[in-house]
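In what follows, a single structure is set out as structure tokens and then discussed.
The values are calculated or read from the model by the stated rules, or taken from the named source; none is laboratory data. Here the structure is a predicted model, which means the values were calculated and not measured. Every residue, glycine as well, gets a Cβ built from its backbone with ideal geometry; the counts of neighbours run over all protein chains shown. With ligands, DNA and RNA removed, areas are computed over all heavy atoms of the protein, side chains included. Shrake-Rupley method; radii C 1.70, N 1.55, O 1.52, S 1.80 Å.
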Amino acid sequence: MSECKSTSRNSQQIPLTNIADSQTQDNIPQPIEGIGEIVLVASGKGGVGKSTVTVNLAVSLRNQGLRVGVLDADLYGPSIARMFGASEGLKTDDRGIAQPTECHGVFVLSVASVMPPEAALVWKGPLVTQTLTQMFREVQWPEVDVLLVDLPPGTGDIQLTILEQFPICGALVVTTPQRLAVTDARRAVSMFHELDIPVFGLIENMDGYLCPCCGEHQQLFPSGAAKQLASDRSVAYLGGIAIDPDAQALADSGQPMVTAQAGGVTASRFNELADQLTSAVLKEQKYRAFQARESDHSNDTSHTDFWEPLLDE
Amino acid sequence: MPLIDPNSGYNTAERHALDILSRMSLQPEGADLIHARQVHDIALTGEVMRVFLNTDTLDEAQQEMLAESLAPLLKDIPGVERVIVKPRPQAVSGGRRIAGVKRVVAVHSGKGGVGKSTLTAQLALMLAHLGIKVGILDADIYGPSLPILFGAHGPVQQNPDNQKMTPLVAQGIRLMSLGFLLPDDQALVWRGSLVDEGLSQFFTDVDWGELDLLLVDLPPGTSDVHLAALRTNEFDGVITVTAPGQVSLDDVRRGMEMFADLAVPCIGLIENMAGVACAGCRQVNHLFGELGGGSLAQEIGVPLLATIPFYPAVAAAADSGTLNTQIQPGRDAFQALLPVVERLCGNIAGVFPELRQRSHHPSEAQL
Ligand SMILES: Nc1ncnc2c1ncn2[C@@H]1O[C@H](COP(=O)(O)OP(=O)(O)OP(=O)(O)O)[C@@H](O)[C@H]1O
Ligand SMILES: Nc1ncnc2c1ncn2[C@@H]1O[C@H](COP(=O)(O)OP(=O)(O)OP(=O)(O)O)[C@@H](O)[C@H]1O
Ligand SMILES: [Mg+2]
Ligand SMILES: [Mg+2]
């Protein structure tokens, strides 16, 4: 983190981690039984619509015939259970192992379903790791093709732990149009890039709204910065989602927009996003297969490198 | 510790609970839980009855035992749905204060993006115009907003005498943010263990000079960062911000519980993003829900300081570092925040009489 030092004389005293160091190459996370591809829904800034996007994308993907799971990793502010209308507690199988709840055809797991709403939890580091490990690995996940993970905002402990401990296919970054949000999204993109996690694209949520009364299109936030970020960092700009006047009430009452207003503008945007996500995941799978073949070859060479001197003797 | 007096300020359900507690004791012949000062206090918020145990007079085994046995007894009291028995709130800061800073007020919300940072900046601007010396500490280390909100950028200078960082000054307000130290596209990735160490250092190594009030802009949620911020300096109070929708209220309530547990008093709740007026037809649309802040305030028993609509001009000004253009008498944002400032000034003036002359009615202030 050498750039960091140059900006502040004080930074030597502040222990900034070099995040590239914190993931060692030979420490590849083990796959999780039953779970196909894990896709993170991230943002730098809070309240930009990660949870809304997660819920609706999940149902969209499910409608396309995929088996989908959602894991709410926002331990500090879990919203998934409410947005799916999954308020009752976790079910356990006969061996006492927890099972995700099925809502709208999607398998949902949230900390909120295991803790009472007024339980204030200050999540200290070790507890974060322990809880996430439980949620990913100690729950009876049914077979799912895609697991969407709703993250808290920022680049903190939860993000790091997930990136280190679980096999992540890629991430979607959600932002809103204004600079205040895009600056944070930029930091999130940096984190993924530094850790070699593919960023499948940038989603610009709350991109204007249509007044339901007079039809006036109004831009609530000053815009333009999100496209700029996408082009600066060579990340796909997946397009905007307008503010939907019904979104709040539907989220509050546990109804995904994709289901409740299946024919609506917002629903069809989510369906398009789901298509874009599936093709990005397929592309990533192909790339991985290609790399695996490549590395087989490189194994061959190191193999011969090893033998060659011996043979010479 | 003064003995609990059931006749002072307890409601019916609480008095009922005190009555039960005063008929129980840990030893057969010993004093009851109240007279043995084993129960520190009780409080009913909403339908949740909390019993705070005194950790000085009870060992851990006794606390556990009481936690198990008291809950079923108190649950039957009319109006009580759940019982929480826990150790009494401990101020984690241990009374640590920043030299030269008279009062520290944090702005928090369990939910992201509800307007903490924008409101903090606006409040600071209003207070600064009243002649109050204000600073803002941006404790949102993963998503610092101060650089954009004030159009302020590093480098940060170090005071050669004490090696502390000198805050930047913009629009009359002293500012410190990790955003001044990090390049724009650099993600700060701190592990929990580093948060404790690095944050404390970042928070304490600032030379604020003389300040009447330091506002702390907190990140959303309930994490290590909040604890670290609180540990380095005692908060005199916290202002909680929420959006009106239920999704926000769930998280905000958790945040309020956290501060209650940490013995930080809540000054009040601000409901932000309460409706948007259409630029075309002036129709107000409640895009982010309606009325939730008021009901939460009532339920928890804290004042609702203000209900603030979404003003597109504020969003634009926030992005361009010109919120000072909105904080002018007669402008929407200014008027909407007046009650908060009054409350805060009342609060400050109560403790610092010398501020009282300066903090006259803000609407009369020369801005
Ligand atoms: N396209 C939209 N139209 C209208 N309202 C929306 C839209 N997207 C999100 N919202 C609302 O905005 C608020 C924030 O959205 P959401 O909770 O999904 O954000 P988040 O990024 O998950 O927040 P956090 O950082 O707190 O986890 C919610 O109240 C949600 O209902
Ligand atoms: N009353 C308002 N009118 C117009 N815009 C607002 C208002 N309140 C907040 N905003 C804008 O909404 C966005 C979110 O606000 P802000 O960044 O202050 O929230 P926050 O709670 O600090 O978010 P985070 O959780 O990420 O720290 C910003 O672009 C901000 O300028
Ligand atoms: Mg969320
Ligand atoms: Mg903020």
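Does A:LEU220 qualify as being of a type in the set (A, V, I, L, M, F, W, C), closer than 24 Å to B:GLY151 by Cβ and touching a Pro at 6+ places or on another chain (Cβ under 8 Å)? Yes, satisfied.
This table checks each residue for (1) closer than 26 Å to B:LEU213 by Cβ; (2) within 22 Å of the chain's Cα centre (by Cα); (3) open to solvent by less than 30 Å² (accessible area, probe 1.4 Å).
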site	(1), (2), (3)
B:GLY280	no, no, no
B:VAL284	no, no, no
B:GLN298	no, yes, no
B:GLY301	yes, yes, no
B:LEU305	yes, yes, yes
B:ALA317	yes, no, yes
B:THR325	yes, no, no
B:GLY330	yes, no, no
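Residues of the stretch A:165-194 being within 12 Å of chain B (Cβ to nearest Cβ), open to solvent by 10 Å² or more (accessible area, probe 1.4 Å) and outside any helix (DSSP H, G or I), which ones? Scanning the stretch A:165-194 gives a single hit, A:GLN178. Within the stretch A:196-211, restricting attention to residues that are assigned to a loop (DSSP other than H, G, I, E, B) and open to solvent by 10 Å² or more (accessible area, probe 1.4 Å), the residue that is nearest to the other protein chains (Cβ to nearest Cβ) is A:ILE197. When the criteria are applied in full, B:PRO160 meets the requirement of being more than 16 Å from ligand 4 (Cβ to nearest atom) and either surrounded by fewer than 24 Cβ atoms within 10 Å (Cβ to Cβ) or farther than 20 Å from B:ASN272 by Cβ (or both). Here the stretch B:117-131 is the region considered, the condition is being open to solvent by less than 10 Å² (accessible area, probe 1.4 Å) and touching a strand residue (DSSP E or B) at 6+ places or on another chain (Cβ under 8 Å), and the residue that is farthest from the other protein chains (Cβ to nearest Cβ) is B:LEU127. Restricting attention to the stretch B:263-278, the residues that are surrounded by fewer than 21 Cβ atoms within 10 Å (Cβ to Cβ) and not small (Gly, Ala, Ser) total 3.
Is there a residue in the stretch B:321-336 that is within 16 Å of ligand 4 (Cβ to nearest atom), in a loop (DSSP other than H, G, I, E, B) and at the interface with chain A (Cβ under 10 Å from one of its Cβ atoms)? Yes, the stretch B:321-336 contains a residue that is within 16 Å of ligand 4 (Cβ to nearest atom), in a loop (DSSP other than H, G, I, E, B) and at the interface with chain A (Cβ under 10 Å from one of its Cβ atoms). Checking each residue in the stretch A:267-277 for being open to solvent by less than 60 Å² (accessible area, probe 1.4 Å) and without any contact (Cβ under 8 Å) to a residue 60 or more places away in the chain picks out A:SER268, A:ARG269.
Where strands (runs of 3 or more DSSP E) fall wholly inside the stretch A:39-112, the ranges with 1 or more residues that are more than 15 Å from ligand 1 (Cβ to nearest atom) and crowded, with 24+ Cβ neighbours inside 10 Å are A:68-72, A:106-110.
Any residue at all in the stretch A:212-229 that is buried (at least 23 other Cβ atoms within 10 Å of the Cβ), away from chain B (no Cβ under 12 Å) and in a helix (DSSP H, G or I)? Yes, because at least one residue in the stretch A:212-229 is buried (at least 23 other Cβ atoms within 10 Å of the Cβ), away from chain B (no Cβ under 12 Å) and in a helix (DSSP H, G or I). The set of residues in the stretch B:181-207 that are buried (at least 18 other Cβ atoms within 10 Å of the Cβ), more than 8 Å from every other protein chain (Cβ to nearest Cβ) and assigned to a helix (DSSP H, G or I) comprises B:ASP196, B:LEU199, B:PHE203. Answer yes or no as to whether B:VAL85 is within 14 Å of chain A (Cβ to nearest Cβ) and within 16 Å of ligand 2 (Cβ to nearest atom). No, not satisfied. Within the stretch B:15-39, the residues that satisfy the criterion of being surrounded by 17 or more Cβ atoms within 10 Å (Cβ to Cβ) and part of a loop (DSSP other than H, G, I, E, B) are B:LEU33, B:ILE34, B:GLN38.
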